[in-house]
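Colleague: Have a look at this one before I ask anything.
The values are calculated or read from the model by the stated rules, or taken from the named source; none is laboratory data. Fair warning: this is a prediction, and the values are worked out from it, not measured in the lab. When we count neighbours, we look across all protein chains shown, and the Cβ atoms used for this are built from the backbone with ideal geometry, even at glycine. These area figures cover heavy atoms from the full protein model, side chains too; ligands, DNA and RNA do not enter into them. Shrake-Rupley method; radii C 1.70, N 1.55, O 1.52, S 1.80 Å.
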Amino acid sequence: MQIAFHIGANCTDADQLRKSVLRNAAALLQQGIVIPGSDKYRALLRETIDGLNGAQPAADTREILLDAIIAQDDATRVILTNDNFIAIPKRIFDRGVFYAQTEPKLCGLQRLFPEDELSLFFAIRNPVTFLQDAARLAEPTSLREYLGLLSPMDVRWSDVVKKIKRAAPRARLNVWCTEDAPLIWEDLIRLQTGIPPDDPVQGGFDMVRRVLTPAGLEQIKALEMPRDRIARHALIGDLIEDFAAPDLVEEQITMEEFTPELIGAMSEAYEDDIDVIAAMDGVEMILPFT
């Protein structure tokens with residue numbers, strides 16, 4: 001069984017990739033590719049992994065789980081999504097560690113599906129906007145309380161990616177930047193579903209639609225998505241340049257802790273961190289125009 005699991009991060013796409021993938025559900029089902037309802041597996045997987053407490057599962061655990069998640073007997077690939085899989089926002093910095101639960105959660109997942117072909121999908125974003133949105137959900141009294149012993153400059157996505165690879169070394173790990181999502185959205189749909197490059201796909205414009213003016217949305221109606229991925233990235237980039245609504249593409253930083261100097265330093269460190277992740281063995285960094 002192929003298991004494609006979008007495991008986060010929190011505050012990246014709010015289940016939008018799942019929604020776009022679902023637009024292809026009927027065609028995928030004919031190929032044995034199943035997108036189960038999230039209520040069938042999110043709590044079930046969490047409770048099962050927590051119940052293992054680091055131990056090996058019983059021999060029939062995998063079959064029991066799959067029977068509960070998938071109704072189709074002939075399924076060859078299952079697509080799962082849970083941006084809270086590693087941690088809910090309140091627990092992202094447990095014990096003063098960025099995503100401290102990464103390895104226990106991923107080790108547990110690997111133990112549940114030891115012989116299956118597991119591919120993981122993980123979105124990252126600028127730590128400035130990530131921290132602001134995550135803190136809004138976690139509702140700490142201050143950013144200092146939320147981060148514990150860490151400083152904002154200590155937040156490195158490469159640390160989390162290393163933990164994922166240590167815990168699930170056999171899994172294929174796909175990583176992308178949320179800021180690039182409008183450009184690479186069709187690529188992400190195809191990667192998670194396994195739809196070949198020459199087959200039609202629905203939802204490729206979903207993310208760019210969210211940032212365009214009404215004039216831009218009208219422009220899309222007359223466009224056909226190019227098959228060549230670089231040409232597709234260029235077309236979408238032109239749409240954003242010509243028709244993006246400024247209030248939808250420029251995120252407002254309102255937390256008083258984020259001074260202009262800190263925002264600049266964190267953003268520069270984020271760009272360096274992307275390069276670190278892209279150079280890691282066993283990690284597929286999905287970047288536009290490459």
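Colleague: Among the residues of the stretch 190-239, write down those that are open to solvent by less than 50 Å² (accessible area, probe 1.4 Å), of a type in the set (Val, Ile, Thr) and either modelled with pLDDT of 95 or more or not in a helix (DSSP H, G or I) (or both).
Modeller: Passing the criteria: THR193, ILE195, VAL201, VAL208, VAL211, THR213, ILE236.
Colleague: If a residue has to be touching a helix residue (DSSP H, G or I) at 6+ places or on another chain (Cβ under 6 Å), part of a helix (DSSP H, G or I) and closer than 24 Å to ARG210 by Cα to count, how many in the stretch 243-269 make the cut?
Modeller: 1
Colleague: Of the residues that sit in the stretch 145-157 and are part of a loop (DSSP other than H, G, I, E, B) and under 17 Å from GLY8 (Cβ atoms), which one is most open to solvent (accessible area, probe 1.4 Å)?
Modeller: Restricting to residues being part of a loop (DSSP other than H, G, I, E, B) and under 17 Å from GLY8 (Cβ atoms), the top hit is ARG156.
Colleague: VAL160 passes all but one of (1) outside any helix (DSSP H, G or I); (2) touching a Phe, Trp or Tyr at 6+ places or on another chain (Cβ under 7 Å); which number fails?
Modeller: VAL160 satisfies all of (1) outside any helix (DSSP H, G or I); (2) touching a Phe, Trp or Tyr at 6+ places or on another chain (Cβ under 7 Å) except (1).
Colleague: Here is a list: PHE121, PHE85. Which entry is among the aromatic types (Phe, Trp, Tyr), outside any loop (DSSP other than H, G, I, E, B) and in contact (Cβ under 8 Å) with a residue 40 or more places away in the chain?
Modeller: Among PHE121, PHE85, only PHE121 is among the aromatic types (Phe, Trp, Tyr), outside any loop (DSSP other than H, G, I, E, B) and in contact (Cβ under 8 Å) with a residue 40 or more places away in the chain.
Colleague: May I pose another question? I need the full set of residues from the stretch 72-98 which are under 19 Å from SER38 (Cβ atoms) and surrounded by fewer than 17 Cβ atoms within 10 Å (Cβ to Cβ), in order please.
Modeller: Those that are under 19 Å from SER38 (Cβ atoms) and surrounded by fewer than 17 Cβ atoms within 10 Å (Cβ to Cβ): GLN72, ASN84, ILE88.
Colleague: Identify the residue in the stretch 32-44 that is assigned to a loop (DSSP other than H, G, I, E, B) and under 24 Å from MET207 (Cβ atoms) and, among all such residues, is least open to solvent (accessible area, probe 1.4 Å).
Modeller: That would be PRO36.
Colleague: Another question, if that's okay. Assess whether LEU52 counts as being modelled with pLDDT under 95 and crowded, with 16+ Cβ neighbours inside 10 Å.
Modeller: Here the answer is yes, as LEU52 does meet what is asked.
Colleague: Looking at the stretch 169-183, is at least one residue hydrophobic (A, V, I, L, M, F, W, C), closer than 17 Å to LEU22 by Cβ and either modelled with pLDDT under 95 or in a loop (DSSP other than H, G, I, E, B) (or both)?
Modeller: The answer is no; no qualifying residue exists.
Colleague: Return yes when ALA123 is closer than 17 Å to GLU256 by Cα, crowded, with 19+ Cβ neighbours inside 10 Å, of a type in the set (Gly, Ala, Ser) and at pLDDT 95 or above and no when it is not.
Modeller: No, not satisfied.
Colleague: Any residue in the stretch 45-62 that is outside any helix (DSSP H, G or I), at negative phi and within 22 Å of the chain's Cα centre (by Cα)?
Modeller: No: the stretch 45-62 contains no residue that is outside any helix (DSSP H, G or I), at negative phi and within 22 Å of the chain's Cα centre (by Cα).
Colleague: Please work out if GLU251 is open to solvent by 40 Å² or more (accessible area, probe 1.4 Å) and modelled with pLDDT under 95.
Modeller: Considered against the rule, which asks whether it is open to solvent by 40 Å² or more (accessible area, probe 1.4 Å) and modelled with pLDDT under 95, GLU251 comes out as yes.
Colleague: Since LEU52 meets every condition but one in (1) of a type outside the set (D, E, K, R); (2) in contact with a Gly (Cβ under 8 Å, 6 or more places away or on another chain); (3) more than 17 Å from LEU112 (Cβ to Cβ), which condition does it not meet?
Modeller: The one condition LEU52 does not meet is (3).
Colleague: Return the total of residues in the stretch 264-289 being more than 20 Å from ASP187 (Cβ to Cβ) and open to solvent by less than 50 Å² (accessible area, probe 1.4 Å).
Modeller: Here the count works out to 7.
Colleague: Only residues that are within 30 Å of ASN126 (Cβ to Cβ), open to solvent by 10 Å² or more (accessible area, probe 1.4 Å) and part of a helix (DSSP H, G or I): list them for the stretch 10-25, please.
Modeller: GLN16, ARG18, LYS19, LEU22
Matching residues to (1) more than 16 Å from the chain's Cα centre (by Cα); (2) under 19 Å from CYS11 (Cβ atoms); (3) open to solvent by less than 40 Å² (accessible area, probe 1.4 Å); (4) polar (S, T, N, Q):
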residue	(1), (2), (3), (4)
ILE70	yes, no, yes, no
ALA100	yes, yes, yes, no
LEU106	no, no, yes, no
LEU109	yes, no, yes, no
GLU115	yes, no, no, no
PHE130	no, yes, yes, no
LEU143	yes, yes, yes, no
LYS165	no, no, yes, no
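Colleague: So LEU28 fits all but one of (1) hydrophobic (A, V, I, L, M, F, W, C); (2) surrounded by fewer than 17 Cβ atoms within 10 Å (Cβ to Cβ); (3) over 29 Å from LEU137 (Cβ atoms); what number is the exception?
Modeller: (2)
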